[in-house]
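Only one structure is covered here, and it is reproduced in the block below.
The values are calculated or read from the model by the stated rules, or taken from the named source; none is laboratory data. Nothing here was measured: the structure is a model prediction, and the numbers come from that model. A quick note on method: Cβ atoms are made from the backbone with ideal geometry, for glycine too, and the neighbour counts reach across all protein chains shown. These area figures cover heavy atoms from the full protein model, side chains too; ligands, DNA and RNA do not enter into them. Shrake-Rupley method; radii C 1.70, N 1.55, O 1.52, S 1.80 Å.
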Amino acid sequence: MTDIPDDGNTARRPRERRISRTFIRLADTQVSAFDLADSLNGLAEQCVELLAVPAAGVLLLDPHGNLAAAAPSAQREKLMALFGKGADSGFWADILQSGTAVHCTELHSEPARWPAFTTAAGKCGFTALHALPMRLRERTIGVLILLSSEPGGADSDDLALAQALADIATIGILQHRTIETGDRLNQQLQTALTSRVVIEQAKGVLSHHGSLSMDEAFRRLRRYTRSHNRLLTDLAGSVADGTADLDAILA
């Protein structure tokens, strides 16, 4: 068997495998055990490992539009304090509104716009920052932050990789939210259908007991719930299972 020639990239292969696995984990949001917080923490940790930056984190907009630190990597206490300064100074809001990346290669030289944030970053030992939007089309849902203790920060290749990781994570998060929304809607629909069946059963019981039409039985059922501050489905269930006072409802 002929040996495969060494292409000189042997040292890069473990990193390339880690990159591939990271992409797969970020994309696979349909598994039953998917944990969004764990996925985002994995993103931050892999950025530190793959891009040789000392710290990374994810800030995410929740479904109500509130910004929260979802996944700081190492140096958690420093990052949480720094992220809070960024929120207070409007640093993250500016990035989210623009939907574009911000690269501060020397934070100490840009104090005018976000003085509280740049001062806090310097105290934490960070001299450069890259904030990459987590965006799909016109929708920005968060920011991936890379922090460096050396001026200049990450190089262009690493930034391209980081943005690709942010993009695939964004797609996964939005897909996960869509699935969750669909599940909630299905559950609500099933609850409504089940309630409808119970109410029809209760109408039949009341109609038979009081020799009333089904429509009249329903009117009295609903009138009783309103006057006694009861839920219609709960009262209908009591009627259907024989535990309700039928004469009181029909009175």
* Structure fact -> Checked segment 224-233 for anything without any contact (Cβ under 8 Å) to a residue 12 or more places away in the chain and surrounded by 13 or more Cβ atoms within 10 Å (Cβ to Cβ); matches are Thr225, Arg230
* Asked: On the given criteria, is Ile179 at pLDDT below 85 and either touching a helix residue (DSSP H, G or I) at 6+ places or on another chain (Cβ under 9 Å) or not hydrophobic (A, V, I, L, M, F, W, C) (or both)?
  -> no
* Structure fact -> Subset of segment 236-248, residues under 18 Å from Ser195 (Cβ atoms) and either at pLDDT 85 or above or open to solvent by 40 Å² or more (accessible area, probe 1.4 Å) (or both), comes to Ala236, Gly237, Ser238, Val239, Ala240, Asp241, Thr243
* Pairs under 6 Å by beta carbon, first residue over 21 Å from Ala37 (Cα atoms) and of a type in the set (Lys, Arg) in segment 143-170, partner surrounded by 17 or more Cβ atoms within 10 Å (Cβ to Cβ) and modelled with pLDDT of 85 or more, six or more apart or different chains? -> none
* Restricted to segment 90-106, and to residues that are at pLDDT below 75 and within 18 Å of Leu79 (Cα to Cα), which residue is surrounded by the fewest Cβ atoms within 10 Å (Cβ to Cβ)? -> Ala93
* Do we have Gln201 as closer than 30 Å to Ala251 by Cα, part of a helix (DSSP H, G or I) and modelled with pLDDT of 85 or more here? -> yes
* **Single condition Arg196 does not satisfy, out of (1) free of Cβ contacts under 8 Å to residues at least 12 places away in the same chain; (2) open to solvent by less than 30 Å² (accessible area, probe 1.4 Å)** => (2)
* Structure fact -> Within segment 111-154, residues being in a helix (DSSP H, G or I) and surrounded by 19 or more Cβ atoms within 10 Å (Cβ to Cβ) number 4
* **Count of residues meeting criterion [of a type in the set (S, T, N, Q) and either open to solvent by less than 20 Å² (accessible area, probe 1.4 Å) or at pLDDT below 85 (or both)] in segment 157-175** => 2
